[in-house]
Amino acid sequence: MPTTPSSLTGPCLGDCLSRRHFLAVTGATTATVVLGDVFPGRVWGQDPQTPAELTTLSRTPIGRLSELQADVPVMFDYGGENAINTCMLVKLGEKAGGGIGEDQDVVAFSSRCTHMGGDIEGIYNAQYKVAGPCPEHLTTFDLTRHGMVVAGHATQALPQILLEFDGDDIVAVGIVGLLYGYANNPTLGNAPDSQ
Ligand code: FES
């Protein structure tokens, strides 16, 4: 169980953390504690009691670190030949959950909104490090916290792409979370089931 910061236990006199901010901070902390031992340096999940769904796929180079510019998203397709899914690779410029690189700030996510599949391809706010708002119903996802929802209708985080380095190459090796529109993620050689 996460401990409650002492600054949050007294009466709120105007400049307290908002409830949403509080949940974001404590939720991310709890997920880090629970999952950190399973995926050292790479942790995911909004509900600390539920293991993150991890799908491993063939290693796919998606970009080069030397060519990435901070806060400039790069789009790529991933998910296997039977389930092409457009994704967003971005160097956030600040440490992120699941981030790789010297600053642990290189992350990638599906760009299909988890609410109803809205297209958030390339919609990125560099100031707040979020994807969105989704053009359909305005859901916004925090890319520093495993794509968790920070506003809008969606209840599931954006599926995060598991990344590794191979020299200068950035390589996608799996997906954490369920791609929108499928009952299960693709696995090697198998097509996913449509919902
Ligand atoms: S489809 Fe994105 S918020 Fe509804």
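The values are calculated or read from the model by the stated rules, or taken from the named source; none is laboratory data. Quick caveat, the model's predicted, so the values are computed rather than measured. Every residue, glycine as well, gets a Cβ built from its backbone with ideal geometry; the counts of neighbours run over all protein chains shown.
Data overview
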| read-out | value |
| --- | --- |
| Gln104, sole failed condition from (1) within 15 Å of the ligand (Cβ to nearest atom); (2) surrounded by fewer than 20 Cβ atoms within 10 Å (Cβ to Cβ); (3) of a type in the set (S, T, N, Q) | (1) |
| Flag if Val150 is assigned to a strand (DSSP E or B) and closer than 21 Å to Leu68 by Cα | no |
| Exclusive hit being basic (Lys, Arg) and either in contact with a helix residue (DSSP H, G or I) (Cβ under 9 Å, 6 or more places away or on another chain) or modelled with pLDDT under 95 (or both), set Arg59, Arg64 | Arg59 |
| Failed criterion for Thr140 (all others in (1) farther than 19 Å from Gly79 by Cα; (2) touching a Pro at 6+ places or on another chain (Cβ under 8 Å); (3) surrounded by fewer than 17 Cβ atoms within 10 Å (Cβ to Cβ) hold) | (3) |
| Residue that is nearest to the ligand (Cβ to nearest atom), among those in the range 151-173 that are within 12 Å of the chain's Cα centre (by Cα) and crowded, with 19+ Cβ neighbours inside 10 Å | Leu158 |
| Residue that is of a type in the set (A, V, I, L, M, F, W, C) and at pLDDT 95 or above, where the choices are Leu163, Leu188 | Leu163 |
| Matching residues in the range 126-148 - criterion: being of a type outside the set (A, V, I, L, M, F, W, C) and within 15 Å of the ligand (Cβ to nearest atom) | Gly132, Pro133, Pro135, Glu136, His137, Thr139, Thr140, Asp142, Gly147 |
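Here is a yes/no grid of residues against (1) at pLDDT below 95; (2) within 14 Å of the chain's Cα centre (by Cα); (3) within 14 Å of the ligand (Cβ to nearest atom):
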residue	(1), (2), (3)
Asn85	yes, no, no
Ala108	no, yes, no
Cys113	no, yes, yes
Gly118	no, no, yes
